[in-house]
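To start, the structure itself, in structure tokens.
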Amino acid sequence: MKIILIGASGTIGKRIQERLAKKNEIVLASRSGADIQVDITDSASIEKMFNSVTGVDAVSCAAGPAKFGPLAELTEEDFYVGIRGKMMGQVNLVRIGQGYLNDGGSFTLTTGILADDPVMGSAALSLVNGAVNSFAVAAAMELPRGLRCNVVCPTVVEDSAEAYEDFFPGYDPAPMEKVVNAYVRAIENKITGKIIRIY
Ligand SMILES: NC(=O)c1ccc[n+]([C@@H]2O[C@H](COP(=O)([O-])OP(=O)(O)OC[C@H]3O[C@@H](n4cnc5c(N)ncnc54)[C@H](OP(=O)(O)O)[C@@H]3O)[C@@H](O)[C@H]2O)c1
């Protein structure tokens, strides 16, 4: 399969790439240092990305800018970081990408445990995680040509556990293999409209 992996240089993206590259042609995408430059906060940039790669079977997104911080300190603009980034960035990948992917192709988006199980400081991030989960289930019903849309929704992942330990007290990190398996399942199995929770 030919797969565009957005956020390939990130903590989760790196692990997805390692696995998917064994059996697939991976096109790495992010704002810098990848095969293709894309900024998911900008729909023109997304359109340009899809125009520059042909024959794509799957898009997997492990990028999602959003703001973490105490509700009392979050500005309206802080909320828009996640709304433009993690939410509309991923919505636009599906909205625009549905016109480009091969028949039966798939979109795999990323949200996170904060949709269901918030922690202190997560209001802006919980908001967009929940929105993307709901979007994916609804969008899956309408996608044409057998296209599919799923979400991987992990708790804090093993590779980030140390960095985030103060924000996720008492949370068991998700093993990286389990996280990567969820992306593989969403891409290779014929499921659609699923939120794969790894809690
Ligand atoms: N880490 C965790 O424990 C965890 C748990 C649950 C959910 N998540 C979610 O999983 C996703 C990935 O997390 P992560 O920890 O792997 O992130 P990360 O290490 O910060 O990596 C983010 C990746 O996304 C790319 N990126 C950032 N902004 C972008 C943009 N506007 N357009 C295109 N690419 C962009 C970055 O590359 P460039 O800077 O080159 O663009 C990088 O490759 C996020 O949505 C996060 O909320 C993470």
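The values are calculated or read from the model by the stated rules, or taken from the named source; none is laboratory data. None of these values were measured; they are calculated from a predicted model. Here the Cβ is made from the backbone with ideal geometry for all residues, glycine too, and neighbour counts use every protein chain on show. Surface areas here come from the heavy atoms of the whole protein model, side chains and all, with no ligands, DNA or RNA. Shrake-Rupley method; radii C 1.70, N 1.55, O 1.52, S 1.80 Å.
Observations, loosely collected:
- Backbone amide hydrogens, once placed in the peptide plane, bring Ile198 within less than 5 Å of Cys153, Thr155, excluding anything fewer than 5 places away on its chain.
- Listed by chain and number, the lysines whose alpha-carbon sits under 23 Å from that of Lys2, ignoring those within fewer than 8 places in the same chain, are Lys14, Lys22, Lys23, Lys48, Lys178, Lys190, Lys194.
- Cα gyration tensor shape of region 120-181, rounded if a/c is under 1.5, else prolate or oblate by comparing a/b with b/c: oblate
- Charges were assigned to the Cβ only: +1 to each Lys and Arg, -1 to each Asp and Glu. The resulting dipole of the chain about its Cα centre is roughly 840 debye.
- Largest to smallest in accessible area, the residues Thr192, Thr155 fall in the order Thr192, Thr155 (1.4 Å probe, all protein chains included).
- Contact order relative to length of region 41-199, as percent, for alpha carbon pairs under 8 angstrom and 6 or more apart: 24
- Remark: region 67-81, residue by residue, has Karplus-estimated 3J(HN,Hα) of 9, 10, x, x, 3, 5, 9, 6, 8, 4, 4, 4, 5, 5, 4 Hz, where x stands for each Gly or Pro and the curve is 6.51 cos²θ - 1.76 cosθ + 1.60 at θ = phi - 60°.
- Principal-axis analysis of the Cα atoms of the chain puts helix 176-188 at an angle of about 40° to the longest axis.
- Folded to 0 to 90 degrees: helix 43-52 orientation relative to the chain principal axis, Cα: 40
- For the chain, the longest principal axis of the C-alpha atoms and the axis of helix 123-142 are separated by about 30°.
- Normalised by the number of residues in region 1-135, the mean separation of alpha-carbon contacts (under 8 Å, six or more apart) gives a relative contact order of 25 percent.
- Our analysis of region 80-140 gives Rg over Rh at 1.03, with the two radii drawn from alpha carbon positions and Rh computed by the Kirkwood formula.
- Nearest-20 debye value, region 21-101 charge dipole, Cβ charges on Lys, Arg, Asp, Glu: 280
- In region 42-199 the Cα-Cα distances spread across 10 Å bins starting at 0 as 11, 39, 34, 14, 1 percent of all pairs.
- Helix-derived mean residue ellipticity, 222 nm - over the chain, DSSP H n ≥ 4, -39500 (n - 2.57), to 500: -11000 deg cm²/dmol
- Relative contact order of region 107-161, pairs being alpha-carbon contacts under 8 Å that are 6 or more residues apart, as %: 50
- Considering only Asn51, Gly112, Ala63, the residue lying farthest towards the positive end of the dipole of the chain is Asn51, judged by Cα position with unit charges set on Cβ.
- Volume per residue of the C-alpha convex hull in region 33-117, rounded to whole Å³: 110
- Heavy-atom accessible area order for Lys22, Lys2, largest first, 1.4 Å probe: Lys22, Lys2
- Peptide ranges 178-186, 146-154, 42-50 listed from the most packed, as the mean C-beta count within 10 angstrom indicates: 146-154, 178-186, 42-50
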